[in-house]
Amino acid sequence: MDGAVQELLALQALDTEADQLRHRLATLPERAEVDAAKLVEAQAADSLAKIDEQRHALGREVKRFQDETASITSHMEEVEATLYGGTVRSPKELTDLQSELNSLKRHRRDVEDQELDVMEQLEPLDAEREKAKAAQVEAAERRENATARLDAASEVLNGELEGLSARRAELVAHVDASALSDYERLRAQFGGVAVAQLSGGRCSGCHLSLPAVDLDQIKRAPADAQVSCPECGRLLAR
């Protein structure tokens with residue numbers, strides 16, 4: 001095997017190892033844990049937002065009923081002051097005032113009942129909110145824990161990648177520029193395998209047996225000549 005192809009094979013081995021490390025880096029299980037926790041956090045936040053919107057709407061209803069109750073109570077106090085103040089002596093007027101007071105009392109009870117109904121609707125919402133908040137806190141803790149483990153694992157793999165990058169730079173410095181250009185082009189074209197081994201008349205890249213004529217030409221080529229598979233176009237290591 002000529003030195004140029006041997007260097008390219010060594011380069012390919014480094015690049016393949018780097019690809020594997022990058023794949024491991026991209027598919028670390030901790031990364032999926034972080035994503036899953038973030039999803040739960042987002043869902044909990046969405047639930048909290050919807051619950052708070054409902055609570056605010058019900059809170060406005062409660063406030064409206066409370067204001068109405070206060071207004072009715074104020075009116076009742078005015079009627080009572082007139083009824084029992086001694087300024088009205090006509091039996092009919094007194095009866096009318098008493099009737100009005102009774103009507104106001106009934107109205108206030110109705111409003112208070114409506115307010116109570118609304119407040120009862122708040123109770124399950126508050127429970128639901130506590131549940132969503134707890135889920136959000138738990139997911140945040142899981143995310144933080146997974147993120148810490150992801151950072152630690154990533155640091156190790158990135159360190160290995162840096163080491164490979166340094167070794168690659170040293171190796172590339174000795175590779176012919178034209179051969180390196182062909183290698184990079186073929187590597188991109190064939191999913192990382194630019195250089196294939198010729199063994200038993202078969203290309204390890206495309207796994208096809210080469211015709212006898214092509215094999216004869218390859219065998220006759222000078223040892224330092226760059227030869228390619230006539231079937232797939234990959235560089236061949238003889």
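Could you tally the net charge around SER154, taking each other residue with its Cβ under 14 Å from the Cβ of SER154, Lys/Arg +1 and Asp/Glu -1? Mind dumping the intermediate values first?
Working: positive: ARG22, ARG24, ARG31, ARG149; negative: GLU30, GLU33, ASP151, GLU155, GLU160, GLU162.
Net of charged neighbours comes to -2.
Over the Cα atoms of the stretch 37-86, what radius of gyration and what Dmax do you get, in Å?
Final numbers for Rg and Dmax: 21.4, 73 Å.
Could you compute the net charge surrounding PHE65? Neighbours are other residues with a C-beta less than 13 Å from the C-beta of PHE65; K and R count +1, D and E count -1.
-4
For the stretch 1-34 and the stretch 58-85, compute the distance between their C-alpha centroids and round to whole Å.
Spelled out, the Cα-based centre of one part sits 79 Å from the other.
Rounded to the nearest 20 Debye, what is the dipole magnitude of the chain about its Cα centre when Lys and Arg each give +1 and Asp and Glu each give -1 at the C-beta?
960
In deg cm²/dmol and to the nearest 500, what is the mean residue ellipticity at 222 nm of the chain if only DSSP H runs of at least 4 residues count, each as -39500 (n - 2.57), divided by the residue total?
So the helix-based figure for the chain works out to -28500 deg cm²/dmol.
Bin width 5 Å, alpha-carbon pairs only: give the P(r) of the stretch 179-238 as whole percents, running from 0 to the bin holding the largest distance.
Spelled out bin by bin, the stretch 179-238 gives 4, 21, 32, 24, 15, 5 percent.
With a Förster radius of 41 Å, plug the Cβ-Cβ distance of VAL213 and VAL156 into 1/(1 + (r/R0)^6) and report the FRET value to the nearest 0.05.
The formula returns an efficiency of 0.20 here.
Would you compute the Debye intensity of the chain from its alpha-carbon atoms alone, equal scatterers and no solvent, and pass along log10 I(q)/I(0) at q = 0.17 Å⁻¹ to two decimals?
-1.14
Tally Lys/Arg at +1 and Asp/Glu at -1 over every other residue whose Cβ is under 13 Å from the Cβ of ALA37; what's the total?
-2
Rg/Rh for the stretch 1-41: what does it come to with C-alpha atoms and Rh from Kirkwood?
That ratio is 1.42, to two decimals.
In the chain, which Cys residues have no partner Cys with a Cβ closer than 4.7 Å?
So, none.
Every number here is computed from the coordinates shown, using simple stated rules; none is lab data. In this text, all values refer to a predicted model and were calculated from it rather than measured experimentally. No Cβ is skipped: glycine too gets one built from the backbone with ideal geometry, and neighbour counts run over all protein chains shown.
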